[in-house]
1. Need the failing condition index for Ala22 against (1) surrounded by 12 or more Cβ atoms within 10 Å (Cβ to Cβ); (2) assigned to a loop (DSSP other than H, G, I, E, B), just the number.
2. Condition first: of a type outside the set (D, E, K, R) and surrounded by 10 or more Cβ atoms within 10 Å (Cβ to Cβ). Now tell me which residues in segment 175-196 satisfy that.
3. What number goes with the only condition from (1) modelled with pLDDT of 85 or more; (2) surrounded by 10 or more Cβ atoms within 10 Å (Cβ to Cβ); (3) over 28 Å from Leu139 (Cα atoms) that Glu58 does not pass?
4. Limited to segment 126-143, what total is found for residues that are under 17 Å from His29 (Cβ atoms) and surrounded by fewer than 16 Cβ atoms within 10 Å (Cβ to Cβ)?
5. Name the residue, out of Thr75, Thr66, Thr99, that is touching a Ser or Thr at 6+ places or on another chain (Cβ under 6 Å), in the same structural domain as His25 (by TED's automatic domain parsing) and of a type in the set (S, T, N, Q).
Amino acid sequence: MLLRKIARPMLATWFISEGLDAVRHPAAHAAVAAGAAASVMGRVPRGALGGALEPLREPGHRQVTTAVQAHGAATALAGLALATGKAPRTAALVLAALTAPLVVANLPDRKRGASSREERQERRRRLIRSVAFTGGALLAGVDHEGRPGFAWRVGKAREHQVAAAVGAAESVKQHAAKAAHGVRSTAADAARSLPR
């Protein structure tokens, strides 16, 4: 459908733009990511998972920058796949999964310290934008392009198998009835041919 060929690239532009911006200019993205990581790790008790998360409590600047750039590259590549129609459903679901950390990073957090009204408004705008694009990616990910989904196909296959089994049982029943009629007829003929 023509609408899909136009709408998918339109949806993908934001993901591609954000991904490339994170790869080329990671500093601003890294600051938000570091704040989000500190907020999330602040909620995780020390020693959780046998202390496996302790190295992540205070990630270095280079670690955060590298993670932001890798996330940006993955987002841009998945956006490009969605825009070009290469595995669009998979690409859209990957984009939804990649956008989830952005939602978490932009959640309101009073523990991060006092921020100006403009910073809170910008954070809210980023949150709303991330939620909206995550929803759009989820919708694109479940679009079957007019073809039936897996659940429908399984249901139809089951119906077909049940119909075939009922047909086979009916056929066996008819053959059994014919055979029984033949046996009765043969027995009756045999009984008549016996001397009295």
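1. (2)
2. His175, Ala176, Ala177, Ala179, Ala180, His181, Gly182, Val183, Ser185, Thr186, Ala187, Ala188
3. Every condition holds for Glu58 apart from (1).
4. Counting residues in segment 126-143 that are under 17 Å from His29 (Cβ atoms) and surrounded by fewer than 16 Cβ atoms within 10 Å (Cβ to Cβ) gives 1.
5. Among Thr75, Thr66, Thr99, only Thr99 is touching a Ser or Thr at 6+ places or on another chain (Cβ under 6 Å), in the same structural domain as His25 (by TED's automatic domain parsing) and of a type in the set (S, T, N, Q).
The values are calculated or read from the model by the stated rules, or taken from the named source; none is laboratory data. In this text, all values refer to a predicted model and were calculated from it rather than measured experimentally. Virtual Cβ from ideal backbone geometry, glycine too; neighbours counted across all protein chains shown.
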